[in-house]
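Student: Once you've had a glance at the structure underneath, I'll fire off some questions.
Bear in mind these aren't lab numbers, they're just calculated from the coordinates by the rules spelled out. Remember, it's a predicted structure, so these values are computed and weren't measured experimentally. Note that we place each Cβ from the backbone using ideal geometry, even for glycine, and neighbour counts take in every protein chain shown.
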Amino acid sequence: MPYNGLYARSGLLASIIERRLSLHQCLAQKEEENRALKSQSMQLQALANLGSATCMIAHEINNLLTPLANYAALAAQNPDDKKLAEKVLDKTVRNCQRASKIMQSMLAMANGQKQKRETVSVKALVEEVFTCLCRDFGKDGIRVEIRVDDALEVSCVPVQIEQVLMNLILNARDAMLPGGGALRVSAVADTDHIDLVVSDTGCGITPENLKNIFRPFFTTKTGKDRPAGSDSGSGVGLAFCRRIVDAHGGEITVQSQSGQGSTFTIRLLRVPPLDPR
């Protein structure tokens, strides 16, 4: 082979090697950038989770503080009513303890921590919610009906499912103001599951809103033209409900028609009764 040809081939080989080295360096750089982006993404996700948890905590704490403030104002207007004062103090202590549990539970969920489930009475969950609400629904013209068998039990994180029920019950109340109506909380069981149902005879949900009802920060409670006594929404309540129910391996669904009320159904794993044999 002529010298010039050998030199050309040698130069071509050197060029190929140089390009390969350049490609390897470029690839290494891109991999390093990719690792940095993944790390940054994880940090941003952690911040997003914390922000979401903070918003949810604020929403749930407000659900507890609003009725307590009303009760405290009532007690202040009636300083000689010792029974009322004792009732307010008792509810204040219970709801402060509950607020602490909510914050711990929400932060743990935001951090992806598994929380211990307990076997609890479904009826006890419902009754605890109404106790914490400190509201007389009768004064709003709302008739409350609870249909839950004493024997039904469910495996859950109690404070979380109670907050789901509280959100649904408060939403049902708002939907029936100012005219009043009927609120029903019931439980239906089959072999494997329990369906917890919260239904109202309120204003209902339009079809265009129904498809977005569980989307974070979506709300129909804008504060404008809201009935007196109802709350403006932040759009995190139902999103929170879905997140909790999903974390329990359950399902939450809604059926509603504008002007004809709404029915929310929470499906959870049932704890079967013990075999008496």
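Student: Using Cβ contacts closer than 10 Å as the measure, can you line up H24, H248 from fewest to most? Kindly include the intermediate steps, with their values, before the conclusion.
Tutor: Values: H24 10, H248 20.
Arranged by neighbour count, lowest to highest, H24, H248 become H24, H248.
Student: What share of the DSSP beta bridges in segment 116-277 is antiparallel, in percent to the nearest 5?
Tutor: Of those bridges, close to 80 percent are antiparallel.
Student: How large is the direction-averaged shadow of the alpha-carbon convex hull of segment 116-277, in nm²?
Tutor: The orientation-averaged projected area of the Cα hull of segment 116-277 comes to 9.8 nm².
Student: For a protection proxy built on the mean count of beta-carbon atoms within 10 angstrom, sort 60-72, 113-125 highest first, please.
Tutor: Working: 60-72: 16.7, 113-125: 14.9.
Output ranking for 60-72, 113-125: 60-72, 113-125.
Student: Under 1.5 on a/c is rounded, so check that first for segment 67-120, then, if it is not, pick prolate when a/b is larger than b/c and oblate when it is not; a ≥ b ≥ c are the square roots of the alpha carbon gyration tensor eigenvalues.
Tutor: Numbers: a/c = 5.48, a/b = 2.85, b/c = 1.92.
Prolate, since a/c reaches 1.5 and a/b exceeds b/c.
Student: Let me ask something additional. Cross-link list K82/K123; K91/K211; K114/K139; K91/K116; K91/K114: which exceed 32 angstrom alpha carbon to alpha carbon? If you can, show how the numbers build up before the last one.
Tutor: On the way: K82/K123 30 Å; K91/K211 37 Å; K114/K139 41 Å; K91/K116 26 Å; K91/K114 29 Å.
Too far apart for the 32 Å limit: K91/K211; K114/K139.
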